[in-house]
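First comes the structure, then the notes that go with it.
Each value in this text was obtained by applying a stated rule to the coordinates, not by laboratory testing. Worth saying up front: this structure is predicted, and the values here are computed from it rather than measured. Because the Cβ atoms are built from the backbone with ideal geometry, glycine has one as well, and the counts that use them run over all protein chains shown.
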Amino acid sequence: MAARQRNLPAIICRKRAILQGMQTVLISLAGIFGVLGRYFMSLGVTRLAGPGFPFATVLINVLGSFLIGVVYVLGAEKAAISETTRVALMVGFMGGFTTFSSFALETVRLFEGGQLGLAVVNVLVSVVLCLGAVAFGLFLARAV
């Protein structure tokens, strides 16, 4: 029994490492689903709207902003989902799904292409809609 008690810290460390490894795998899997969701949604929206304006990126970022607000409230404020699930969704899924780097590239490319008006519209629409979507997601999740 005494030998078992001496090994207890090592056992706890191993269990903690296993749990952290499992959380890392869960975040990675959620990221894969986010990436696939972004890819297929981008294909569909671009097919419907055409390539002139980055509607897909705007829609994905607005939806992701809304969802991150909902997930935040469910996890951090209401404890309706576990911390592991909240982190997996916010870091993994949303990290793979939302597209800030694409937004930045597409905006600069619009500027470079001489489409200053569209570039400004893209910035204004994206920022205003994404901030609004987060606020709406927070509001909606808190109201439920």
**Request:** For semi-axes √(5λ) of the Cα gyration tensor in Å, several values are listed as (i) 40, 18, 12; (ii) 45, 17, 13; (iii) 30, 15, 13; flag the one computed from this structure.
**Result:** (i)
**Prompt:** If you line up the long axis of helix 100-112 against the longest principal axis of the chain, both from Cα atoms, how many degrees apart are they, to the nearest 10?
**Reply:** 20 degrees
**Prompt:** What is the distance, in nm, between label points placed 7 Å from the Cα along the Cα-to-Cβ direction at V127 and at F33?
**Reply:** 3.3 nm
**Request:** Sum up the charges of everything whose Cβ sits under 11 Å from the Cβ of V71, counting Lys and Arg as +1 and Asp and Glu as -1, but leave V71 out.
**Result:** +1
**Request:** Specify the angular offset, from 0 to 90 degrees and rounded to the nearest 10, of the alpha carbon long axis of helix 8-49 from the longest principal axis of the alpha carbons in the chain.
**Result:** 20 degrees
**Prompt:** Alpha carbon centre of the range 64-142 versus the range 1-53: separation in Å?
**Reply:** 19 Å
**At most 15 other Cβ within 10 Å, DSSP loop - trypsin sites (Lys or Arg not before Pro), the range 57-144** = K78
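I need the shape label for the range 46-92. Rule: rounded when a/c is under 1.5, else prolate if a/b > b/c, else oblate, with a, b, c from the alpha carbon gyration tensor.
prolate
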**Prompt:** If you place +1 on the Cβ of every Lys and Arg, -1 on the Cβ of every Asp and Glu, and leave all else neutral, what size is the dipole of the chain about its Cα centre, to the nearest 20 Debye?
**Reply:** 800 debye
**Prompt:** What number, rounded to the nearest 500 deg cm²/dmol, is the helix-based mean residue ellipticity at 222 nm of the chain, given -39500 (n - 2.57) per DSSP H run of at least four residues and division by all its residues?
**Reply:** -26500 deg cm²/dmol
